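For reference, the structure discussed in these notes is given below.
Quick note: the coordinates plus some simple rules give every number you see, no bench work behind them. Keep in mind that this is a model prediction, so the values were computed, not measured. Every residue, glycine as well, gets a Cβ built from its backbone with ideal geometry; the counts of neighbours run over all protein chains shown.
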């Protein structure tokens, strides 16, 4: 298809540098829709605007390009790193990217603490902790930790460990904590146990098993039969995990095996993790934006995005085929690992069989997921059709908004707005409201929340939310500009009347379909109808309404807990000399909760910008 770029684009193309760098294609609203890298920016960017291009994706992309921004760098490696950073920042719709509504979970060992705890987190920080992951299932992570705790009974409480407490908690009695709080183990013994736990997560199990077997034998010889039985149970728990691990080689191989499958725009990447010659785990990852891209581009993009977040970089990465920027990626991985990393495409032998096995797993996983997606889509379509019929809606409710209120005896009231599109949560459109005008009044709180929501709609319609100088903000505010096909308030007739009143104020009565959901019998009340609508108990429509309601309830409660925690910090800090509004806000922003602030040392508190050491000491004294 012949194409001529707009005049201002043609002028921009004449001034492009010939240096390496990154380019950002933007649409008419200033939104970044594609990020790319180039050895020669002029040559690469101009290629998008040739009269004829083969790629359908490029044809679609350039129809939307209204501006191009370039950023020069000194090398291909810098271009690779910057491209990856910008893709994560902007999530451009035309880029291949990891499908990731939220960060993947990691196991976090708080190694910098005197008595390290083990937690699950979705964010890696440079705080001296050790991380293992990423994993794709937080449920599987917790299941693994439940087993590991039987082997390595680590701390989970928030006590300050002195070894001098009079009594331990219940976890010590049921053998899920080894009691450092009462001095049952000292700091060195506790940290040695946590080190063994980390070795275990790395796949180094034989030495741990040997040590436990020796301890069990010694305990039996000394007639400490209860202790011997405890160790026997630990060995059984280890066997439950190790039995799932497959021995790949006798060598201490440290490898990731990567392969993928693609079908109709969907792509699934399978990663096998081989540590100390054993297959210790496998995870699959989904990619979006792959339509029209080559296999090489899909694989190369996955490598950069996955290893940018990975907690461990292996010595060798086995791939199904070559990637053009292998040397650049190897150099980058070498810097992250601090020793040599090799990208290898095996042609024969055991390594090739591993890649082929990963490819088969990827294809099987993608096939199963596509079947599940098709079934889910069918259920969602059925659910929306049932709601349309039951509530006499003009069309199936593709966009549903649900509102709920949460508070404790009227204090720290929070309202939630959750959004489901085509039966699926759209978390980017969720919003919370800190209620300010009423106290201990659910109807008044709901009125304030809905007034604020539709005031934002009115502003969006008037264009007040689309200041070109605030493009990032405008993108976030698009949720306000769309009216729901169905608005649900949690609470029945009273809350429904409140919603009707608000819509009348904004001239939207009759334009936005409404329903109030009563908790007791799952009844739906609609305006102008005395009797409630009762959806069949096993209908997809009812299941959808329940999911929406439960999500609104969860989101409101979560916001209320966060607000209550901040108020708790504020009330305590108000009594500390040297703490005013600015410093209090800084501490709130940095630590987030009273629990985190209480755990912090004087030095950590003083590391917050604007907090002198003497003030940090005063804060710590107040919290003891």
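Summary table below
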| item | result |
| --- | --- |
| Angstrom value of the Kirkwood radius, inverse mean 1/r, which spans all Cα pairs in segment 304-440 | 20.5 |
| Enclosed volume per residue, in Å³, of the convex hull spanned by Cα atoms of segment 7-95 | 89 |
| Förster-model FRET efficiency, 35 Å R0, residue 174 and residue 621, C-beta, rounded to 0.05 | 0.45 |
| Segment 367-447 pair-distance distribution - Cα-Cα, 10 Å bins, rounded % | 17, 31, 28, 19, 5, 0 |
| Proxy reagent accessibility, fewest Cβ within 10 Å first, across 110, 344, 321 | 321, 344, 110 |
| Rounded if a/c under 1.5, otherwise prolate or oblate - segment 1-150, Cα gyration tensor axes | prolate |
| Solution diffusion estimate, µm²/s, Stokes-Einstein, segment 254-367, Kirkwood Rh from C-alpha pairs, 20 °C, viscosity 1.002 mPa s | 151 |
| Label-point separation in nm, residue 377 to residue 421, each point 7 Å along Cα→Cβ | 1.6 |
| Taking N as its residue count, the alpha carbon Rg of the chain over 2.2 N^0.38 Å | 1.13 |
| Segment 254-367, relative contact order in percent, only Cα pairs under 8 angstrom and at least six apart counted | 33 |
| Inter-probe distance in nm under a simple model that places probes 7 Å from Cα toward Cβ, at residue 501 and residue 393 | 2.6 |
| Relative exposure of 62, 348, judged by other C-beta atoms within 10 Å (fewest first) | 348, 62 |
| Label-point separation, residue 187 to residue 147 (7 Å along Cα→Cβ), nm | 3.4 |
| Extension gain (nm, one decimal) between residue 29 and residue 224, 0.36 nm per residue minus Cα-Cα | 62.8 nm |
| Segment 574-623, relative contact order [Cα under 8 Å, separation at least 6], % | 40 |
| Shape category assigned to segment 111-247 from the gyration tensor of Cα positions, a/c cut at 1.5 | oblate |
| Segment 254-367 - share of DSSP beta bridges that are antiparallel (%, nearest 5) | 75 |
| Theoretical FRET efficiency, 1/(1+(r/R0)^6), r = Cβ-Cβ of residue 324 and residue 52, R0 22 Å, to 0.05 | 0.40 |
| For segment 284-331: rounded, prolate or oblate by the Cα gyration tensor [a/c cutoff 1.5] | oblate |
| Whole-angstrom Cα spans of segment 574-623 along principal axes, big to small | 21, 19, 19 |
| Per-residue Cβ neighbour rank within 10 angstrom, fewest leading, 286, 391, 450 | 286, 391, 450 |
| Potential extension, residue 557-residue 335 segment - 0.36 nm per residue separation minus Cα distance | 75.6 nm |
| Contact order relative to length of the chain, as percent, for alpha carbon pairs under 8 angstrom and 6 or more apart | 8 |
| CD proxy at 222 nm, helix term only [per DSSP H run n ≥ 4: -39500 (n - 2.57); per residue of the chain; nearest 500] | -14500 deg cm²/dmol |
| Square roots of 5 times each gyration tensor eigenvalue, C-alpha, segment 78-185, largest first, Å | 38, 16, 9 |
| Computed E for residue 43/residue 315 - FRET, C-beta separation, R0 41 angstrom, nearest 0.05 | 0.70 |
